[in-house]
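Participant: Pasting a structure below so you can have a look.
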Amino acid sequence: MTEPLDPSPITLPLAGWTMRAWRESDVAQLACIADDERIAAWMSDTWPHPYTEADARWWVSEGQFAMGTSWALCQDDVAQGGAGLHPQGGFQRCNVEVGWWLTPDCWGQGVVPAAARVLLERSFADAAVHRVFAPIHAGNTRSMRVAEKIGMRLESVQPMSAYKRGRVIERHLWASYRT
Ligand SMILES: CC(C)(COP(=O)(O)OP(=O)(O)OC[C@H]1O[C@@H](n2cnc3c(N)ncnc32)[C@H](O)[C@@H]1OP(=O)(O)O)[C@@H](O)C(=O)NCCC(=O)NCCS
């Protein structure tokens with residue numbers, strides 16, 4: 001297990017938008033926004049669907065700390081999505097995986113690109129980190145557009161690289177490097 005990256009809150013350059021750790025008081029809102037097929041369809045197979053209050057309670061109490069650092073993406077302090085950094089360990093400790101999602105009502109305002117730019121800065125602030133990568137399911141043009149906007153490049157196409165709902169899918173690996 002590697003050290004988690006700096007988890008401190010972030011103010012985004014978009015009016016009212018901040019990033020902070022998930023809280024107990026987010027449980028009902030998380031269960032409400034995360035139980036959306038437009039999100040679930042594109043997340044890894046570990047994403048619960050249906051997404052219950054019990055899933056949300058586990059996430060805010062344990063899940064968010066399990067693999068790295070996670071933030072709630074908040075508008076006026078109300079959680080509307082999430083983002084996280086998952087530092088890789090051992091000989092792969094030069095790598096950090098980044099992930100993101102947002103409730104559809106807030107799509108198209110550049111919220112996730114703004115958040116992801118800060119998360120790239122956070123990652124590279126750790127001198128051990130040289131590559132930040134995002135595996136994106138084939139067909140997820142919105143997420144690939146985010147990767148493109150923040151200066152990531154398409155590193156490889158990985159056929160048959162993950163299961164999703166019992167089917168083997170192709171993923172596109174996007175990455176950004178220390179300059
Ligand atoms: C991918 C996602 C995080 C993008 O977040 P965002 O803050 O809306 O990002 P942007 O505002 O930069 O929009 C990205 C693209 O989404 C598309 N988009 C924007 N608003 C949209 C809307 N209302 N409906 C459908 N697509 C829309 C556009 O193609 C846009 O690109 P453009 O700015 O060049 O037109 C969001 O769509 C999402 O949460 N999707 C479901 C979960 C997911 O895919 N997570 C990533 C897993 S790898």
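Participant: Pick out, from segment 69-179, the strands (runs of 3 or more DSSP E) lying fully within it that include 1 or more residues that are within 19 Å of A34 (Cβ to Cβ) and within 13 Å of the ligand (Cβ to nearest atom).
Facilitator: Fully inside segment 69-179 and qualifying: 69-75, 78-87, 95-102, 131-137, 153-164.
Participant: Just checking, does segment 53-68 include any residue being under 15 Å from the mean Cα position of the chain (by Cα) and assigned to a strand (DSSP E or B)?
Facilitator: No, every residue in segment 53-68 fails to be under 15 Å from the mean Cα position of the chain (by Cα) and assigned to a strand (DSSP E or B).
Participant: Next up: Somewhere in segment 114-131, is a residue more than 14 Å from the chain's Cα centre (by Cα), surrounded by fewer than 16 Cβ atoms within 10 Å (Cβ to Cβ) and β-branched (V, I, T)?
Facilitator: Among the residues of segment 114-131, not one is more than 14 Å from the chain's Cα centre (by Cα), surrounded by fewer than 16 Cβ atoms within 10 Å (Cβ to Cβ) and β-branched (V, I, T), which makes the answer no.
Participant: Report the residue count in segment 3-54 for those that are touching a helix residue (DSSP H, G or I) at 6+ places or on another chain (Cβ under 8 Å) and among the polar types (S, T, N, Q).
Facilitator: Total satisfying the criteria: 1.
Participant: Right, here's the next one. Considering every residue within segment 36-56, establish whether at least one is at pLDDT 95 or above, more than 13 Å from the ligand (Cβ to nearest atom) and surrounded by 18 or more Cβ atoms within 10 Å (Cβ to Cβ).
Facilitator: First, the residues of segment 36-56 that are at pLDDT 95 or above: 36-56.
Applying the additional criterion that residues be more than 13 Å from the ligand (Cβ to nearest atom) yields 48, 50, 52-56.
Those left that are additionally surrounded by 18 or more Cβ atoms within 10 Å (Cβ to Cβ): 55-56.
Yes, that holds for at least one residue.
Participant: Which ones in segment 57-98 are within 17 Å of L173 (Cα to Cα) and either polar (S, T, N, Q) or free of Cβ contacts under 8 Å to residues at least 40 places away in the same chain (or both)?
Facilitator: G84, H86, Q88, Q92, C94, N95, E97, V98
Participant: To continue, here is another question. For segment 57-82, give me each residue that is over 17 Å from S25 (Cβ atoms) and crowded, with 20+ Cβ neighbours inside 10 Å.
Facilitator: Of everything in segment 57-82, those that are over 17 Å from S25 (Cβ atoms) and crowded, with 20+ Cβ neighbours inside 10 Å turn out to be G68, T69.
Participant: Let me ask you something else. Within segment 15-31, identify whether any single residue is outside any helix (DSSP H, G or I), surrounded by fewer than 19 Cβ atoms within 10 Å (Cβ to Cβ) and on the phi > 0 side of the Ramachandran plot, and answer yes or no. Let's see the steps before the verdict.
Facilitator: The initial filter retains those residues of segment 15-31 that are outside any helix (DSSP H, G or I), namely 15-23.
Now drop any that are not surrounded by fewer than 19 Cβ atoms within 10 Å (Cβ to Cβ), which leaves 15-16, 18, 20-21, 23.
In the following step, the residues that additionally are on the phi > 0 side of the Ramachandran plot were identified as 16.
Checking segment 15-31: at least one residue is outside any helix (DSSP H, G or I), surrounded by fewer than 19 Cβ atoms within 10 Å (Cβ to Cβ) and on the phi > 0 side of the Ramachandran plot.
The values are calculated or read from the model by the stated rules, or taken from the named source; none is laboratory data. Only a predicted model underlies this, so the values are computations on that prediction, with no experimental measurement involved. Using ideal geometry, Cβ is built from the backbone for each residue, glycine included, and neighbour counts are taken over all protein chains shown.
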